[in-house]
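Right, one structure below, let's go through it.
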Amino acid sequence: MTLETLAKDISKSAKAEADAMIAEAQKEAEAIIAEATEKAATIRSEAASRTEREAEQIAREVVASARQANQKEILVARRKVLDETLAATRAELSSAKMKGRASLLKSLMAKADEIGNDFNVRPVEMDRKALSELAGKRGMGDAVEGLGGFVLEATDGSVSYDMRFDTLLEASWKDELSATTKILFD
């Protein structure tokens, strides 16, 4: 065997070994690329899924927030209507020309008669004249502030009964607020 043949055999063998190494490296590179591509697809899929869940959560929160704001606006509007209703009732009661004022005063004085006669009547000024006619033997005291009606006060000052329209309205308003709300909003 000649040196030239030996060199060719070594070269052939080295080339074959190099080709095999290159082929193996290419297979490995393809496997790495395939694995990386698969991992990237998984990461993209997970990220898209996470993004979708987060978007759904944000959408739920926005809807809940909008509902809460809407509910608050409804409550504020209802409160405003209730306040306006109470103010309109107060305005009506404070009017000297209120229809039924005389009969209301008469009814309150009838309740005062049930309490007793050892009392003075302290009227709201606008009702003084009507109450002085209804008071009977009771004395008329100093005027009190109010929308109408009177305060029935024991002659010794130990006990008083507040029969002013505003006091009666407040008590009635508290007692009937639920019914009033149902009438106005249901």
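Here region 117-131 is the region considered, the condition is being touching a strand residue (DSSP E or B) at 6+ places or on another chain (Cβ under 8 Å) and among the acidic types (D, E), and the residue that is nearest to L105 (Cα to Cα) is D127. Can M98 be described as in a loop (DSSP other than H, G, I, E, B) and surrounded by 14 or more Cβ atoms within 10 Å (Cβ to Cβ)? Yes: the conditions hold for M98.
G149 meets all of the listed conditions (1) touching a helix residue (DSSP H, G or I) at 6+ places or on another chain (Cβ under 9 Å); (2) under 30 Å from I74 (Cα atoms); (3) without any contact (Cβ under 8 Å) to a residue 60 or more places away in the chain but one, namely (2). Within region 110-129, residues that are farther than 16 Å from G148 by Cβ have Cβ atoms under 8 Å from residues that are open to solvent by less than 30 Å² (accessible area, probe 1.4 Å) and of a type in the set (K, R) in these pairs: N117/R138; F119/R138; N120/R138, counting only partners at least 6 apart in sequence or on another chain. Determine, yes or no, whether G136 is outside any helix (DSSP H, G or I), small (G, A, S) and farther than 30 Å from R79 by Cα. For G136, the condition - outside any helix (DSSP H, G or I), small (G, A, S) and farther than 30 Å from R79 by Cα - is met. From the list M21, M109, the one residue that fits, being open to solvent by 60 Å² or more (accessible area, probe 1.4 Å) and part of a helix (DSSP H, G or I), is M21. Is at least one residue of region 65-81 small (G, A, S), closer than 27 Å to M163 by Cα and either without any contact (Cβ under 8 Å) to a residue 40 or more places away in the chain or surrounded by 13 or more Cβ atoms within 10 Å (Cβ to Cβ) (or both)? Within region 65-81 (the criterion being small (G, A, S), closer than 27 Å to M163 by Cα and either without any contact (Cβ under 8 Å) to a residue 40 or more places away in the chain or surrounded by 13 or more Cβ atoms within 10 Å (Cβ to Cβ) (or both)), the answer is no, since none of the residues qualifies. Considering only residues in region 165-186 that are of a type in the set (A, V, I, L, M) and modelled with pLDDT under 85, the one that is most open to solvent (accessible area, probe 1.4 Å) turns out to be I183. Sub-6 Å Cβ pairs linking a first residue in region 164-183 that is part of a helix (DSSP H, G or I) to a second residue that is open to solvent by less than 70 Å² (accessible area, probe 1.4 Å), at least 6 apart or interchain, are F165/L93; F165/L147; F165/G148; F165/G149; D166/G146; D166/L147, ordered by first then second residue.
The values are calculated or read from the model by the stated rules, or taken from the named source; none is laboratory data. Because the structure is predicted, anything quoted here is derived from the model rather than measured. Reconstructed Cβ throughout: ideal geometry from the backbone, glycine too, with neighbour counts over all protein chains shown. Accessible surface is based on the protein model in full, side chains and every heavy atom, while ligands, DNA and RNA are left aside. Shrake-Rupley method; radii C 1.70, N 1.55, O 1.52, S 1.80 Å.
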